[in-house]
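Working notes for the structure below.
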Amino acid sequence: MTRNRRTKAEVEAVREAAREELRAAHPMTLRQVHYRLVSRSDVNHPNTIQAYQKLSKWLRDDRLNNIVPWSWMEDRMRVARGWNGWAGLEGFVEDVRDNYYRDPWQDQSGYVEVWLEKDALSGVFMDVLGEYRATLNVGRGYDGWTSIKRAADRYRGRGQEGIKTTVLYFGDFDPSGEDMHRSLEERLMELGAFPELPKVALTYEDAQILPPNFTKVTDTRRAAFVAQYGDVAVELDALPVDELRERIRTSVEAHMDMDALEESRRIQDEERTRLREGLERIFEDE
């Protein structure tokens with residue numbers, strides 16, 4: 001008979017492992033921490049709803065007791081929305097000076113965007129994509145027609161300039177995740193946009209080495225998926241954060257002229273210097 005209850009020592013080992021994972025790579029979502037623990041062979045943390053809920057309570061307690069810093073975890077689905085403001089003109093000018101970025105895509109022969117199935121991971125993506133000023137689209141499942149129409153307009157506009165667009169897709173490996181990729185490509189085509197749209201993650205190969213789950217029996221796409229791949233489903237959250245960052249970075253760079261990017265960054269540094277000197281002269285003249 002399989003033992004379901006974990007011993008006190010096993011529970012403490014899981015809790016300490018969760019702290020280790022967060023200490024090594026933060027911020028992370030609860031789901032990311034859960035899958036990191038599922039993938040570890042040195043702790044007893046099954047891929048079940050009950051284990052997920054227990055982990056949520058333990059990490060709540062750790063944060064309330066100042067064992068885990070609040071900044072180590074994120075929840076991008078519940079974010080307060082407000083308005084920018086400055087104490088005065090000088091503060092505004094400093095922000096303008098420090099946030100000038102030159103668009104590197106004006107020097108590239110191709111154009112790259114990234115499409116992400118779930119918003120919970122968008123923080124990881126934005127941290128990496130900022131280096132390349134690459135646009136991130138978050139579909140939150142099957143994206144709406146309005147969002148897809150805006151994207152199609154961007155891609156058609158680039159195409160009219162003779163620029164080829166590549167959309168790097170990241171999503172779950174399960175019946176719906178695979179179908180979302182297909183649906184996005186077909187709807188873009190219906191709107192007259194024809195970018196290359198490779199699925200960077202998760203792939204069938206990823207599903208062979210990451211913590212698996214079973215496909216949902218209620219998913220109408222399940223039968224065809226299982227016939228092709230087997231009864232296995234893996235969420236993008238299961239990919240280790242460091243590996244995810246590296247995959248984003250390498251997939252973007254594979255479609256960029258890196259020499260042109262470095263030259264764009266050099267020009268950006270020169271323009272930032274000119275901007276800073278110009279702003280300083282304005283305030284000197286007051």
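The values are calculated or read from the model by the stated rules, or taken from the named source; none is laboratory data. Only a predicted model underlies this, so the values are computations on that prediction, with no experimental measurement involved. A quick note on method: Cβ atoms are made from the backbone with ideal geometry, for glycine too, and the neighbour counts reach across all protein chains shown.
Quick check: is even one residue across the range 117-133 modelled with pLDDT of 90 or more, touching a strand residue (DSSP E or B) at 6+ places or on another chain (Cβ under 9 Å), within 19 Å of E185 (Cα to Cα) and not in a loop (DSSP other than H, G, I, E, B)? Scanning the range 117-133, I find no residue that is modelled with pLDDT of 90 or more, touching a strand residue (DSSP E or B) at 6+ places or on another chain (Cβ under 9 Å), within 19 Å of E185 (Cα to Cα) and not in a loop (DSSP other than H, G, I, E, B), so the answer is no. Scanning the range 270-286 for residues being more than 16 Å from V96 (Cβ to Cβ) and surrounded by 10 or more Cβ atoms within 10 Å (Cβ to Cβ) gives a total of 1.
In the range 210-286, counting only helices (runs of 4 or more DSSP H) that sit wholly within it, the ones holding 3 or more residues that are under 23 Å from the mean Cα position of the chain (by Cα) span 241-253. Kindly establish whether D42 is charged (D, E, K, R), farther than 23 Å from L236 by Cα and over 22 Å from the mean Cα position of the chain (by Cα). Taking the combined requirement at face value, the residue does not satisfy it. Based on this model, can you work out whether E12 counts as acidic (D, E) and either buried (at least 18 other Cβ atoms within 10 Å of the Cβ) or over 30 Å from F283 (Cβ atoms) (or both)? In short, yes. Assigned to a loop (DSSP other than H, G, I, E, B), over 22 Å from T135 (Cα atoms) and touching a Lys or Arg at 6+ places or on another chain (Cβ under 6 Å): does that describe N66? No; evaluated as a whole, the condition is false for this residue. Scanning the range 138-151 for residues that are of a type outside the set (D, E, K, R) and surrounded by fewer than 18 Cβ atoms within 10 Å (Cβ to Cβ) turns up G141, Y142, G144, W145, T146, S147.
Residues of the range 89-104 that are surrounded by 15 or more Cβ atoms within 10 Å (Cβ to Cβ) and farther than 19 Å from E270 by Cβ: V93 alone. Go over the candidates I49, I67 one by one and state the one that is over 15 Å from A18 (Cβ atoms) and modelled with pLDDT of 85 or more. Within the list I49, I67, the selection yields I49.
Only a single criterion out of (1) more than 30 Å from P46 (Cβ to Cβ); (2) at pLDDT below 95; (3) of a type outside the set (V, I, T) is not satisfied by N213, namely (1). Of all positions in the range 20-37, none carries a residue that is crowded, with 19+ Cβ neighbours inside 10 Å, more than 25 Å from K216 (Cβ to Cβ) and more than 25 Å from the chain's Cα centre (by Cα).
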